[in-house]
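Just below is one structure, and these are the notes that go with it.
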Amino acid sequence: MNVVSQTTITDRKASAAEVRAHADQLHRLAGEVGVSNVRLRDEGTVVVHSDELGYRQVVDLSRRISQVVGCYVHVITDDVPAAADARPV
């Protein structure tokens, strides 16, 4: 099941506490998809560093960690202003 492609505006986004509760799995999955420097914003968005162009890795990580957490986990790269206030998980 591809969680990200099936996400609708009625789906609930994971909170920071929900994501933090799965920090070990998040770090493992981040390594599997090839992103690094995993951080978390206060509202639950995961921020990662990617050396690849595009969003394939980010979408893959979001899909995988959303399955673990049980609701949508938003993931962004650290090359945007919204990533500035993220802290290590």
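Derivation of every value follows stated rules applied to the coordinates shown; laboratory data play no part. Just so it is clear, the structure is predicted and the values come from calculations on it, not from any experiment. Cβ: placed from backbone, ideal geometry, glycine included. Neighbour counts: every protein chain shown.
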Exercise. Of the residues V75, V68, which single one is within 15 Å of S15 (Cα to Cα), surrounded by 18 or more Cβ atoms within 10 Å (Cβ to Cβ) and not charged (D, E, K, R)?
Worked result: V75
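Just checking, which of V58, V73 is under 12 Å from the mean Cα position of the chain (by Cα) and under 15 Å from A23 (Cα atoms)? I'd like the intermediate steps shown before the answer.
On the way: V58 fails: under 15 Å from A23 (Cα atoms).
Answer to the selection: V73.
Give the residue that is surrounded by the most Cβ atoms within 10 Å (Cβ to Cβ), with candidates limited to residues of the stretch 38-52 that are out of contact with any helix residue (DSSP H, G or I) (no Cβ under 8 Å at 6 or more places or on another chain) and closer than 18 Å to H27 by Cβ.
Initially, the stretch 38-52 is screened for residues out of contact with any helix residue (DSSP H, G or I) (no Cβ under 8 Å at 6 or more places or on another chain), giving 49, 51-52.
In the following step, the residues that additionally are closer than 18 Å to H27 by Cβ were identified as 49, 51.
On the way: H49: 14, D51: 8.
The selected residue is H49.
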Seminar exercise, completed: Across (1) surrounded by fewer than 19 Cβ atoms within 10 Å (Cβ to Cβ); (2) under 14 Å from Q25 (Cβ atoms); (3) not β-branched (V, I, T), Y55 clears everything bar (2)
For this session: May I ask you to list the residues in the stretch 23-37 that are exposed (fewer than 14 other Cβ atoms within 10 Å of the Cβ), within 12 Å of V89 (Cβ to Cβ) and small (G, A, S)?
Result: A23
